[in-house]
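Working notes for the structure below.
Derivation of every value follows stated rules applied to the coordinates shown; laboratory data play no part. The structure presented is a predicted model; accordingly, all values stated were derived computationally and were not measured. So basically every Cβ, Gly included, is an ideal-geometry build from the backbone, and we count neighbours across all protein chains shown.
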Amino acid sequence: MATQGREIRIKDASSVKMRLEEEICSLISEVQDFNMSTIERIEIPTALEFYRYVAANRPVIISLPPTATTLHEPSSDRLAPSSQDQQWAWPAFTKWTNEYLSETLADKQITVACTPNGWADAVVDDKYFAMPCEKKMTFKEFLEGMPTRVHNREKSSNHADLEASMETLDINASEHRVDPYQEVRYIQLQNGNLMTEYEELLEDVPSAIPFANEALGKTPDAVNFWYGDERSTTSLHKDHYENMYAVVAGRKIFTLIPPTEQFCLHEKQYIAATYVDTQDPTSNAGNTSLSPSSSRYTLEPMDPITYTKWIALNPSHEPREELFEKYPRFHMCQPFRVELNPGELLYLPAMWYHQVEQEPDHEGKCIAVNWWYDMGFEGDRFATATFMSNLVQLVDHIGESSE
């Protein structure tokens, strides 16, 4: 125990706060000392091998067979594939071009998250939790609003301007720059959207991950389809799902932080608000005083006012000194940075914090599919995480006036 052999004397609220912070910091350091310093990469595991990572609450990257991403390409001299190669060679790896997706989804209406800066579900102005404007459109219409979709990736002047405007990583969502095209589109509906809006694509990816089914003793609650470009970032958050995440095209960059480091993240309550497109004749844009500078979008708080607990900091921000100055507890944090490419599968344990950035392929697209398995609430993992959350909240409020 961190307090073993030490007498605890508490005289006032500030002393209580200091001692609790010391004990939380001691816990964080101890967990860091006794756990991995890198994320392992392994080949396809058995259910038992995979369960060892689940039991340890430890992320792992699983590399699919080398032929997985190319097996469905036409070839006259390829050797007969093994049964395992066939199992993991998802047609999506070779079929999911922009042309194929447009033709397959045709005139079907899909849900697209739209923001002025590429940060949906993120903190703005250190005050608002901004949710995206959700629009219905066809997939072809969605692509028409993706300015980074350059067939041969030649750098047009517009594309160069875009990259220059987005190259600075901001310290938090309140400083995210307005996109020069005024709108960033991202397919991120979740809640099983592959089974609803994209059921035409179901035959191209598995409905579940076999070794995960066996190890977890269940099938996925939801399978989700994601499509965006380098302008979209998913801000730091956690989910109560065991997450199996596969990249189909492009690259995803994950920043991973374990639940024990929640104290480092300065999580707070923010006013929930939604982006509204002022150029949409069907919208009813309200309080334009909340609109980001030069943006076609305005932020409208929920009515009645509601609050969402979220994290404002951007763990990718450079220089680090600026980040530590604004969020001093973050200096104790030891994030893991993971790059995930086509043919790789990330196991992201439930309640791990993660921020996700992306890099597109030659068509300007980044596509991923993930399988959400409901976490087990038995044992002490959920209860311990809840206790830590409550303790951090208590520490943050010690010494505040009750008036």
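Stretch Glu400-Glu134 to full length: gain in nm at 0.36 nm per residue minus the Cα-Cα span?
Length difference between fully extended and current span is 91.9 nm.
Hey, how many Å between the Cα centroid of the range 291-348 and the Cα centroid of the range 377-391?
23
Only residues of the range 354-395 count here: report those whose backbone N is under 12 Å from the spot 7 Å along Cα→Cβ of Val16, or say none.
Under 12 Å, as judged by backbone N against the label point of Val16, lie 394-395 of the range 354-395.
Under 5 Å between amide H atoms, partner at least 5 residues away or on a different chain: which partners does Thr274 have, H built in plane at 1.01 Å?
Distant-sequence amide H within range of Thr274: Met131, Glu300, Met302.
Quick one: if you stick a label point 7 Å off each Cα along the C-beta vector at Ala272 and Gln87, how many nm between them?
Computed distance between label sites Ala272 and Gln87 equals 4.2 nm.
Along the Cα→Cβ direction, 7 angstrom out, place labels at Arg52 and Asp380. What is the inter-label distance in nm?
Roughly 2.3 nm, to one decimal.
Quick check on the exposure proxy: order His331, His266 from fewest to most C-beta atoms within 10 angstrom. Could the numbers behind the result be given before it?
Numbers: His331 12, His266 17.
Ranking His331, His266 by Cβ neighbours within 10 Å, fewest first, gives His331, His266.
What are the ³J(HN,Hα) couplings of the range 23-38, residue after residue, when phi is run through the Karplus curve with 6.51, -1.76, 1.60 and θ = phi - 60°? Round to Hz, x for glycine and proline.
Per residue, the Karplus-derived 3J(HN,Hα) values read 5, 5, 5, 5, 4, 4, 5, 5, 5, 4, 5, 9, 10, 5, 9, 9 Hz.
A 29 angstrom limit on the alpha carbon distance is what I want to check against. Which of Lys108/Lys309; Lys135/Lys309; Lys140/Lys309; Lys136/Lys365; Lys127/Lys218 exceed it? Each step should come with its number before you reach the end.
Numbers: Lys108/Lys309 35 Å; Lys135/Lys309 25 Å; Lys140/Lys309 35 Å; Lys136/Lys365 20 Å; Lys127/Lys218 40 Å.
Listed pairs above 29 Å: Lys108/Lys309; Lys140/Lys309; Lys127/Lys218.
Tell me, what is the FRET efficiency for Ser26 and Thr196 to the nearest 0.05, using R0 = 35 angstrom and their Cβ-Cβ distance as r? Working shown, then result.
Numbers: r = 47 Å, r/R0 = 1.34.
Computed FRET efficiency for Ser26 and Thr196 comes out at 0.15.
Can you give me the long-range amide H partners of Ala222? Hydrogens built in the peptide plane at 1.01 Å from N, cutoff under 5 Å, separation of 5 or more residues or another chain.
Counting only residues 5 or more places away or on other chains, the set is Trp372.
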